[in-house]
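The values are calculated or read from the model by the stated rules, or taken from the named source; none is laboratory data. Remember, it's a predicted structure, so these values are computed and weren't measured experimentally. Don't worry about glycine lacking a Cβ; one is built from the backbone with ideal geometry, like all the others, and counts go over all protein chains shown. We work out accessible area using only protein heavy atoms, side chains counted, and drop any ligands, DNA or RNA first. Shrake-Rupley method; radii C 1.70, N 1.55, O 1.52, S 1.80 Å.
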Amino acid sequence: MSYKNYRLKTFEKASLCRNFENEVFKRVNEKIINFPVYLSAGQEYVPSSIAQIVKDKKQKPLIFGQHRGHSIYLSFGGNIVELIDELLGKKTGCTRGMGGSLSINSNKINMFGHEGLMGSNACMGVGACFSSAKPTIVFLGDASVEEDYVLASLSWAAKKELPILFVVEDNNYAVLTKKKDRRDWKAKDVAKAFKLESYDIDDQPKNIFSVLKKNLFKKPIFINVNTKRLFWHSGAGVDEEVKGDRLTLEKKFLGKKAEKIHRNIKKKIENLWKQRLEK
Amino acid sequence: METTLREVIKQITFKHLKKFKGQVFGQNLTGVGWVAGTLPKLYEKDGVIELPMADVANGGMVTGAALVGRRPFYIIRYQGYNWLNCIFIVNYACKSKEIWNKPAPMFIRGLSSEGGLGPVSTSSHISIFYKMPGIKIYSPMTKNEYTKTYKKFMKSDDVFYVSEHRKSYENKIEFKNSIKKNLDIILMPISVTRFEAEKAKNYLNNNGYKVGIIHLYELKPFVLKKKWISMIKSSKYGVLMTDNDYVDGIIRTLAHKINEQTNKKVYVLGLKDKSAGYTLETSNFPPSALEIINKIKQIKIKKRV
């Protein structure tokens, strides 16, 4: 696949995620969804870019996400209707109504659920990868990478040279506390100290593409991707105006074709939500 | 020569690795003593996996192994480390089947000591697992009990916590329950206290008391058999339970369950509610035969008054 085509396909995934999250945001404001919701809007270029690379490589990795996981689920091909149903607490949801927003899973795409202890998925992902020898992706946040057990997991993955990818979606915040108030180290440097191939990049698809094209699942890789969230830690709070929203930038770059894709997906998602709410 | 419990655990582990392609995880497994001689001398290529000294992460990594169906054994060499290891096991592995329809069956071997090892490692710590849903807890002290527990595990997709005691590894005998109608009191000992409870029962029965005994090793789910209920109801003073965990732990919960079903008093003796040091004077030991005997004498005197 050419890079241009990759970029458009990635946009398509990211657009799906953004439109989906915008609809969830509405339902939270309307109090149709009453439990804590962790929106991934603004960060969707991270899972979308990786999912597209994985798809092109015809891989089906084990996926261990955590909160803000809707975009992971959607990017890798999780069933949209089942996710809507899950957020509406229905038994037909992807986690049979038990998962809410944070604990969603999908057997179809090998996505394991998360219990809520941030970063625990690093440990489980490493264990599952070691014992199955299957390619594995662990999605973390810049806060959860501070958990001591995450660091221990990185270390063991390096030691055992596992076919695993650690992705930090670094939005700079732990709830509302900025990174500079929490630590003076970079996740990439720590991962490097454990002898992991590690990168610190922003969420431009070309950056993600270029660091993963060679060694993905051939050795343990750690990427810290700087991204921007649009919504607060949970619920419908909004951060100050975000400059440099990746989806907006990419849409502008890709032009009319992308605008059309975005419009069509928006309509599709709105209709799906409407249908599921009426049911 | 008759085999010991130690030998049976070693045989079961060997079979689990070789026949079922299972895995055994833990720290310092292949080092000194091979887990008190309970582990066959095998290495990573055979499925015996040395984990780093990162207990919290390790519990999660073994959960990952369980999620992909390797039915791992997880050895926690001192139950004091349950505090670090239990986090992801009880919060993820135990709940995974119910929430995500993805079982994470694992066989946790938690080794306990019987006093003399300081503030944490000195005793059993199964109570912290007990309250969580989705876990099964056993404390086998004999060869048959251990074998039955393993067979149950292989037919199950649940998390099993198997509370072991170093003192029991040399054991060759099987315990038998001894109950009948109209006893003075029935002992219901757990884990390593079963050895001392047997001694106490024999002493008391030779000295004019009528004492029965029900050995408990299936702790969760805890089922009080109909026959037991009937015998307890007919007893004069009810039940005395003993354990090597703290007195305000699992034993009180079980005592309450028994009390609810029999309407009889259930007394408990466990580790005292105090911190433990390392010496004879400062440690916190499980109830001895003498303490059990004295407790029963006190109960009898109180009842007469």
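On a per residue basis, the convex hull of the C-alpha atoms belonging to the stretch A:3-278 measures out at 115 Å³. Take chain A with all the other protein chains still there, run a 1.4 Å probe, and you get 42 Å² of accessible area per residue.
Here the calculated FRET efficiency for B:Y43 and B:Q11, from their Cβ-Cβ distance with R0 = 30 Å, stands at 0.95, rounded to the nearest 0.05.
Between A:W232 and B:E291, the simple label model (points 7 Å from Cα in the Cβ direction) yields a spacing of 5.2 nm.
Computed from the mean reciprocal separation of all distinct C-alpha pairs, what Kirkwood hydrodynamic radius does the stretch B:5-168 have, in Å?
For the stretch B:5-168, the Kirkwood estimate is 15.6 Å.
For chain A, what is the mean residue ellipticity at 222 nm derived from helices alone (per DSSP H run of n ≥ 4: -39500 (n - 2.57); sum divided by total residues; nearest 500 deg cm²/dmol)? The helix contribution divided over chain A gives -14000 deg cm²/dmol. Above 30 Å, the calculated P(r) of the protein assembly as shown contains 57 percent of its Cα-Cα pairs.
With a Förster radius of 30 Å, plug the Cβ-Cβ distance of A:K279 and B:K97 into 1/(1 + (r/R0)^6) and report the FRET value to the nearest 0.05.
FRET efficiency, A:K279 to B:K97: 0.60.
As a quick test, which of the pairs B:K148/B:K201; A:K134/A:K214; A:K178/A:K206; A:K134/B:K102; B:K143/B:K295; A:K228/A:K266 have an alpha carbon distance above 23 angstrom in this structure? Check vs 23 Å cut-off fails for B:K148/B:K201; A:K178/A:K206; B:K143/B:K295.
Checked against a 19 Å cut-off, the cross-linked pairs B:K181/B:K236; A:K188/A:K243; B:K181/B:K265; B:K10/B:K199 give Cα-Cα distances beyond that limit for A:K188/A:K243; B:K10/B:K199. The largest-to-smallest principal axis extents of the Cα set in the stretch A:143-279 are 50, 35, 35 Å.
Rg and Dmax, both from the Cα atoms of the stretch B:185-304 and both in Å, are 14.0, 43. Its residue count N sets the reference 2.2 N^0.38 Å, and the alpha-carbon radius of gyration of the stretch A:84-210 equals 1.14 times that reference. Solvent-accessible area per residue in the stretch B:174-289 equals 45 Å², computed with a 1.4 angstrom probe and all protein chains kept.
Take B:L219: with every protein chain present and a 1.4 Å probe, its accessible area is about 0 Å². An ellipsoid equivalent to the stretch B:142-219, defined through the eigenvalues of its Cα gyration tensor, has semi-axes of 28, 14, 10 Å when rounded to whole angstrom and sorted largest first. Ligands, DNA and RNA aside, B:R252 has an accessible area near 110 Å² when probed at 1.4 Å.
In this structure, A:E259 and A:K213 have a Cβ-Cβ separation that, at R0 = 25 Å, corresponds to a calculated FRET efficiency of about 0.35.
At 4 °C and a viscosity of 1.567 mPa s, what translational diffusion coefficient does Stokes-Einstein give for chain B, taking Rh as the Kirkwood radius over Cα pairs? Give it in µm²/s as a whole number.
65
Contact order, relative form, for the stretch B:185-304: 29 percent (alpha carbon pairs under 8 Å, 6 or more residues apart, mean separation divided by residue count).
For the pair the stretch A:192-235 / the stretch A:61-130, the C-alpha centres are spaced 20 Å from each other. Within the shell of other residues whose beta carbon sits under 11 angstrom from the beta carbon of B:V266, the net charge comes to +3, with Lys and Arg scored +1 and Asp and Glu -1.
Contact-buried residues of the stretch B:94-108, at a threshold of 10 Å² lost accessible area versus the chain by itself: B:E98, B:I99, B:W100, B:N101, B:K102 (1.4 Å probe; DNA, RNA and ligands ignored).
Peptide A:111-117 has a mean of 5 when you count, residue by residue, the C-beta atoms of other protein chains within 10 Å of its C-beta. Between the stretch B:64-105 and the stretch A:238-279, the C-alpha centres lie 40 angstrom from each other.
Pairing chains B and A buries close to 2200 square angstrom of accessible surface in total, based on protein heavy atoms and a 1.4 angstrom probe.
Taking every residue in A:147-155, how many Cβ atoms of other protein chains lie within 10 Å of its Cβ, on average?
5
With 21 Å as the limit, write out which pairs from B:K210/B:K297; A:K91/B:K97; A:K13/A:K279; A:K159/A:K192; B:K95/B:K131 have Cα-Cα distances beyond it, or answer none. Spell out each step's value before the answer.
On the way: B:K210/B:K297 12 Å; A:K91/B:K97 16 Å; A:K13/A:K279 26 Å; A:K159/A:K192 12 Å; B:K95/B:K131 13 Å.
Table pairs above 21 Å Cα-Cα are A:K13/A:K279.
On the protein assembly as shown, 52 percent of the accessible area sits on carbon and sulfur atoms, based on a 1.4 Å probe. Between the helical axis of B:55-67 and the dominant principal axis of chain B, each derived from Cα atoms, what acute angle in degrees is found, rounded to the nearest 10? Rounded to the nearest ten degrees, it is 80. For the stretch A:87-200, relative contact order (Cα pairs under 8 Å, six or more residues apart, normalised by length) works out to 19 percent. A 1.4 Å probe run over the stretch B:5-168, with the rest of the protein chains in place, finds 34 Å² accessible per residue. Ordering of B:133-145, B:11-23, B:79-91 by packing is B:79-91, B:133-145, B:11-23, highest average first (other Cβ atoms within 10 Å, averaged per residue). On a 0 to 90 degree scale, rounded to 10, what angle separates helix A:45-56 from the longest Cα axis of chain A? Taking Cα atoms only, the helix is inclined about 80 degrees.
Solvent-accessible area of B:M132, all protein chains in place: 30 Å² (probe radius 1.4 Å, heavy atoms, ligands and nucleic acids excluded). Stretching B:K236 away from B:D157 to a fully extended chain increases their span by 24.3 nm, per 0.36 nm per residue minus the current alpha-carbon distance. Accessible-area loss of 40 Å² or more (1.4 Å probe, protein heavy atoms, chain alone versus all protein chains) is found in the stretch B:42-59 for B:E44, B:A57. So what's the angle, to the nearest 10 degrees on a 0 to 90 scale, between helix B:289-304 and the longest Cα principal axis of chain B? That helix lies at roughly 40 degrees to the long axis. Shielding value for A:96-105 is 2, the average number of Cβ atoms from other chains within 10 Å of each residue's Cβ. Checking every one of the trypsin sites (Lys or Arg not before Pro) in the stretch B:144-217 against DSSP loop status and a limit of 16 other Cβ atoms within 10 Å picks out B:K172, B:K176, B:K180, B:K181, B:K210.
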